[in-house]
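The values are calculated or read from the model by the stated rules, or taken from the named source; none is laboratory data. Computed from a prediction, not measured in an experiment: that's the story for all the values here. Neighbour counts are summed over all protein chains in view; Cβ atoms, including those assigned to glycine, are modelled from backbone coordinates with ideal geometry.
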Amino acid sequence: MDAAQTTKRKRSGSPLAAEGKKQHAADPAAAGATGGEDANAEGSADAGGAEAIEEPLPLKKKMGRKAKRDERSYNCPYLDTIKRHVLDFDFEKLCSVTMSNQNVYACLVCGKYFQGRGLDTQANTHSLMCDHHVFLNLETLKFYCLPDNYEIIDTSLEDITYYLQPSFSKEIVASIDKGTSISRALDGTAYIPGVVGVNNIKANDYVNVVLQILCRVTPFRNFFLDERNVSGVKDPLVLSFGELIRKLCSPRNFKNHVSPHEFLQAVTNASKRRFKIIEQSDPLDLLSWLLDTLHRKLKKKKRVVHDTFKGTVKISKRKLPPTDQKDLVADDDPEYQEQESESQFLILPLDVPPPPLFGDGLDHNIIPQVPLFELLNKFDGVNEKEYKTHKDLFVKKFRLKSLPDYLIVHVSRFTKNNFYTEKNPTIVNFPIKNLILRDYLELADDDPSLFRYDLVANVVHEGKPGAGEGNYFAQVYHKGVNKWFQTQDLHVDEILPETITLATSYIQVWERQPEPEVTDAPAPETAPAAADAPMDATPAPVAAAE
Ligand SMILES: [Zn+2]
């Protein structure tokens, strides 16, 4: 085998190739095998190699107590055989032969994964059979030259480890939403870190939109950008989610898109195959399951999910007497008194009124529209909504008690029964900036908070309802570049904000603006007036005070 390596080294044509040969010279078998006719070629290369070896003198000081420095590590002749464009670290880190996930190496020449690097291992055999020599251990992030089996130490490989495992310093994390920098993939295509295409492997558009909208939630995303926040967590769902978020935000990707393969695998396993790659599901179900699962798995560490998304709603519930007994029930009958309870939510559901029934000669192509405020009236604490159980009838009233910094709203437009899913096509009209929710909250009289929100992400369903029928895409706002983008799997296109309200919005993410600073001269009475002020008045607190 040594002979084979030596021959290959010569073929590489690198002047450093001789360095490898020098090592083998000590091995009589290798020396014998290389033989006379090769001697000249190697001899000429030797000079260059010798220079390279003698140069780093300072390290000699350490030699007394440390193992002799392997000069091959610093002069590997195969670095220029690496093909960065074939590298793809988005897939499960399994050996392509044994399917094991232990001790897996990526061949940096063809991109395939192989196990082991010692004699007779898959990676070792691959290097001999295919003449591929540079490998990366996907766990330790160390590079090796096989079959010689020495570590390669070279700063020029740092982009590969970063591509595999992007990392973000506190400063970079803090600057992400402010940055306007455009990155370039290896093929020269431009992309904005954090708003990149996500591969649709089979039917995972419903996963991709969830990833895109969560990337726009600053504190939640930033939590996962800093690996230290999940140090010690061994759960594959948490780890693969964090890894994917970091890849989505990496400024140094080789490609302008990312494959969510490992994360999907973790979702499929953790959900016991409720969510699959090959079958479209509802992004709302996934989002709800994901937030809940991440919260449970992270609970011991952090409460980032609840800190970011949790709100509280007060529910007043009253049982109605059966119609035929209405007159028989006393007014103070305890069974029919109003009961109050509180409920936490991570996603606020909004009901869309049923579309008007046509058949009266009206144009069937008219799509009904409804203002978002009308849907929010569900939470005014006055409107009663009827609920039926199999034997009882209830009315409920809702009032928001607290709202999170990031409010996820769900427009309930799908109704499922045993046979099919129906979609309510009603378009919800909403302002994308300065949505004031103060009126739906139970606040202290002297609390001037406006609860003013801006839209940062919007999931749209297009086409027919039912698994595999229509498709989902996400519209997302990037603060740094102050632009809206529509992301549909691999495609990312800039859009005009005006187009957002025309789509059949399904899930929305709203970001709360900082409350205007309370001045020394408080003017609580003027605060409600601000709710009626023009939506785009930027210095709102000042305008409100006038
Ligand atoms: Zn290879």
Residue match in the stretch 135-152 (condition: near the ligand (Cβ under 10 Å from one of its atoms), more than 18 Å from LYS93 (Cβ to Cβ) and not assigned by TED's automatic domain parsing to the domain that holds ARG69): no
Test for ASN229: is it among the polar types (S, T, N, Q), more than 16 Å from the ligand (Cβ to nearest atom), in a helix (DSSP H, G or I) and touching a residue at least 60 places away in the same chain (Cβ under 8 Å): yes
Hits in the stretch 436-458 - residues which are surrounded by fewer than 22 Cβ atoms within 10 Å (Cβ to Cβ), among the small types (Gly, Ala, Ser) and under 30 Å from GLN212 (Cα atoms): SER449
Single unsatisfied condition, SER127 versus (1) among the small types (Gly, Ala, Ser); (2) away from the ligand (no atom under 16 Å from the Cβ); (3) part of a helix (DSSP H, G or I): (2)
Yes/no for THR189 being out of contact with any Gly (no Cβ under 9 Å at 6 or more places or on another chain), within 28 Å of HIS85 (Cα to Cα) and surrounded by fewer than 20 Cβ atoms within 10 Å (Cβ to Cβ): yes
Leading residue by the ranking (surrounded by the fewest Cβ atoms within 10 Å (Cβ to Cβ)) among those in the stretch 254-309 that are farther than 20 Å from VAL217 by Cα and hydrophobic (A, V, I, L, M, F, W, C): ILE278
The stretch 273-284 residues that are more than 20 Å from VAL460 (Cα to Cα), paired with ones that are aliphatic (A, V, I, L, M) and surrounded by fewer than 21 Cβ atoms within 10 Å (Cβ to Cβ) (beta carbon under 6 Å, 6 or more apart): ILE278/ALA203
Within the stretch 436-467, considering residues that are over 26 Å from PRO497 (Cβ atoms) and of a type in the set (Asp, Glu), the one modelled with the lowest pLDDT: ASP445
Residue list for the stretch 92-118, filter: within 15 Å of the ligand (Cβ to nearest atom) and part of a loop (DSSP other than H, G, I, E, B): CYS95, SER96, VAL97, LEU108, VAL109, CYS110, GLY111, LYS112, GLY116, ARG117
